[in-house]
Every structure is written in structure tokens, then in C-alpha cells.
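Student: Let me give you the structure first, and then I'll get to my questions.
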Amino acid sequence: MTRFSMPARRAFAAVPATAVLVLLPTVAYAHVTVNPDTTAAESYASLTFRVPTESDTASTEKLVVDLPTDTPFLSVTPRSLPGWDVEVEVETLDEPFEVEGATVDEAPARITWTAEKGSEVPPHEYQEFAVRVGALPEEGTEIVLPAHQTYSDGTVVDWDDLVADDGKEPEAPAPVFTTTAAEAEGGHHGAAAAAAEDGSDDASGDASGETATAGDAPAVDPVGRWLGVAGIVVGAVGIGAAVFTRRRA
């Protein structure tokens, strides 16, 4: 059993908790993951894929994400990423479906990001790839987005495993999220989706409308009103005191 001298023990006790956490294994955080800005059904979501390079010697040079075809997205718009080329592949669906009276028989099926020379993700660093998709399917739908990561040495890692029935996390889990209840009309994400459809960069159209309406009438300053009332009270007290003093004289 290793023994520490008193000074050594004090020094170890003084190490911040954050420094100790750095020493803990971080394998669980090294997977390719997806982070949606909303999971509300019927909304348009911005999906951000975080891709770490786990290799000690090779860099990440390509990312391929498979999109769902059983509940396909009708709109897929990747965000520009300097140094990377992006391509969205459209494929024919096995089962066409109706949308507002029209038959849809094809949909986006795959997104591929490819690094230009010098823009690869180096070892032990990560990159984020973003895309806007919609509309999300009904509440409770599990959206599985298998990702395939290609390294500069030719190695391909398929992040496409699903969680087993026993709940044990797989070695290479697929990025996944589950849709939630649709938001009330006029909600935050509904406004953002409407702004995106309009091509606007600002999703605060309602807020600016409220500001314009508020600007039509003078603003009410509660502090100024309180000070005015206080001044009237003080003035009245002063007049009363003067009258009282004059009567006594």
C-alpha cells in the first residue's frame, strides 16, 4: 500500500475537482452524435453532427449521413462549411406517399461532406456539420441517422449500431433522437421555421412587430411616475407645515 507524506496529501487534496475529471476516461464522449435544436413534430430542425477524430495518426476526411426513408425529410439544406464540399443525394422511395394532395416518390437519402486538402479534422480534434431538415414526423418517432466516418488512412468507421433490448450501449452507436409533441402555432420554432421558409435570417418577426406597435404609444416609466407622486406628497406636507406654523405665530 502506498503511503503519502502529510505535505503530499495536502497537495493532492488541493487539486481542483475539474483537474481530476480530466483524468477520467472520455471514451463515452468520443462517438459521433447529433444535436437537434428542436424535436417538435411538424417543425423544421437544425441538426448538428459532432464528429471527433479518435485516431492518433489519421485525420477525418469524409462524413456520410444516411437519412430516414420510412419517414423522409422533404427539405434538406446543409450549412456551408469552409474547406468542405457537401452533396445531398436524392433517391426513389420504396413506398410513395401523399403530401397535400401530391404524390411524393423521391426524397433526400444521404448527405456527404468531403474535406478539401488541408481541411481534414486532425487527430484528437473534432468538427461540427450542420443541416436543416423538415418537417419532422409525428410525435414519438425515433429518427436514426447512421453516420460513416472515413479517415485519411482509408479506415471507415460505421456509426450505425442501435441500443440493444437490455439497454447496453453499443460500441458504435448511431446518432439518434426522438420527436416530441408539436408546438402550439406561433411558438418559437414555428416562427423560426416560417422565417426559414421566407428566406429570412431573422426569426423574430413577431417580436419586431410588437416593438413597432409599442412604439406607436409613449412608453410608461413606472419609476418616473412614482417619483412624481412622491414629489406631490412631499409638497403637500410642506404646505401643510407652513400653514400650521403661520397659525401658531
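Student: Explain nothing, just the number: dipole magnitude of the stretch 126-166 about its Cα centre with +1 on each Lys and Arg Cβ and -1 on each Asp and Glu Cβ, in debye rounded to the nearest 20.
Tutor: Computed about the Cα centre, the dipole is about 360 debye.
Student: How do 44-53, 159-168, 106-115, 74-83 rank on mean C-beta neighbours within 10 Å, highest first?
Tutor: 44-53, 106-115, 74-83, 159-168
Student: Indicate the gyration tensor shape class of the stretch 24-184 (rounded, prolate or oblate), computed on the Cα atoms with a ≥ b ≥ c the square roots of the eigenvalues: a/c under 1.5 is rounded; otherwise a/b larger than b/c is prolate and the rest oblate.
Tutor: Prolate shape, in that a/c is at least 1.5 and a/b is the bigger ratio.
Student: Can you list the residues, at least 5 places off or on another chain, whose amide H is less than 5 Å from the amide H of Ala109, using H built in the peptide plane?
Tutor: Glu89, Val90, Glu91
No value in this document is a laboratory result; all are computed from the given coordinates. Note that the structure is a prediction, hence the values are computed from the model and not measured. All Cβ positions, even for glycine, are placed from backbone atoms using ideal geometry, and neighbour counts span all protein chains on display.
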